[in-house]
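Undergrad: The following block contains the structure, expressed as structure tokens.
The values are calculated or read from the model by the stated rules, or taken from the named source; none is laboratory data. Please read these numbers as outputs of a predicted model, since none were measured by experiment. Counting neighbours? That spans all protein chains shown, and the Cβs are built from the backbone with ideal geometry, glycine included. Only protein heavy atoms, including side chains, enter the accessible area calculation; ligands, DNA and RNA are left aside. Shrake-Rupley method; radii C 1.70, N 1.55, O 1.52, S 1.80 Å.
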Amino acid sequence: TEAAEQEPLRQRMAVYYVQIAESFQHHFGIGGNQVDSAARLAAETDNLRAVLTWAVASGTEEVGFRLVGALARFWFMRGQVREGRDWMEALLAASREGIAPEVLADAFNGAGLLAYRQSDHLQAEGWYREALTLYEQVHSQAGKADILRKLGLLEDARGNMQAATPYFEASLGLYQQLGDEVGAAQMLHN
């Protein structure tokens, strides 16, 4: 059938766009090439949506979760927060069975950022805590440092600096252990 013939093409397209999104992901941090990267991804929006739609519909949720994790900061910067959250919710409604924990951790981390941007602190905290558990499971100190920072920022946004401080201190310690000067500087600022 025509649909069966198109499946290998969809799979190759998914691999290609996951690679693009993940390769641009680091550009959206401090000092990254944000403007050019955002323009490149924006030009691919229809294709990225097509891959996400296929991932949800075809039972290839790992592709979708990888894209959510990689595109969260892009959506955050472009004001497409609701779209990112909608994709995360659709993927969670489908299945997370058999998904690599580091992929899920990055997706929860990204989705938490999107919820935080919308001041949905309860959902942000839930997704951040899911990410923290998964980062601990896979022994990702960098992921754990990032989530602890974000949990601190969340408490600060709630007006509870006393609760934020232990998160910032724990995050700072991890960034220092990792030799991540940018992360440590962010924590000292906080």
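Undergrad: When only the heavy atoms of the protein chains count and the probe is 1.4 Å, how do Ile99, Ile147 rank by accessible area, highest first?
TA: Ile99, Ile147
Undergrad: How far apart, in nm, are two points set 7 Å out from the Cα along the Cα-to-Cβ line at His121 and at Asn47?
TA: 4.1 nm
Undergrad: Okay, helix-only estimate at 222 nm for the chain: each DSSP H run of n ≥ 4 adds -39500 (n - 2.57), divide by all residues, round to 500 deg cm²/dmol; what do you get?
TA: -27500 deg cm²/dmol
Undergrad: If I require 18 Å or longer along the helix axis, counting alpha carbons, and a Kyte-Doolittle average no lower than -0.5, what helices from the chain are left? Use full DSSP H segments.
TA: 45-58, 61-78, 81-94, 101-117, 141-157, 161-178
Undergrad: In whole Å, what is the distance between the alpha-carbon centres of segment 100-121 and segment 131-190?
TA: If we compute the Cα centre of each part, the gap is 15 Å.
Undergrad: Each label point is 7 Å from the Cα along the Cα-to-Cβ direction; what then is the distance between the points at Glu89 and Glu7, in nm?
TA: Label-label distance for Glu89 and Glu7, simple model: 3.1 nm.
Undergrad: Turning to a different aspect of this structure: Taking the Cα centre of the chain as the origin and placing charges on Cβ (Lys, Arg +1; Asp, Glu -1), which of Asn109, Ala39, Leu52 is farthest toward the positive end of the dipole?
TA: Ala39
Undergrad: Treating only the Cβ atoms of Lys and Arg (+1) and Asp and Glu (-1) as charged, compute the dipole magnitude of the chain about its Cα centre; round to the nearest 20 debye.
TA: It works out to roughly 340 debye.
Undergrad: Could you give the spread of the C-alpha atoms of segment 46-109 along their three principal axes, from largest to smallest, in whole angstroms?
TA: Sorted largest first, the three principal extents are 31, 22, 17 Å.
Undergrad: Could you tell me the accessible area of Met13 in Å² (1.4 Å probe, neighbours in place), rounded to the nearest ten?
TA: The accessible area of Met13 comes to roughly 60 Å².
Undergrad: In addition: Restricting things to alpha carbons, tell me how big the chain is in terms of Rg and Dmax, in Å.
TA: Taking only Cα atoms of the chain, I get Rg and Dmax of 17.0, 62 Å.
Undergrad: Same structure again: For Ser119, Ser140, what's the largest-to-smallest order of accessible area, 1.4 Å probe?
TA: Listed by decreasing accessible area, they come as Ser119, Ser140.
Undergrad: Follow-up. At what distance in nm do the modelled label points of Ser58 and Thr133 sit from each other, each positioned 7 Å from its Cα along Cα→Cβ?
TA: The two pseudo-label positions are separated by 3.0 nm.
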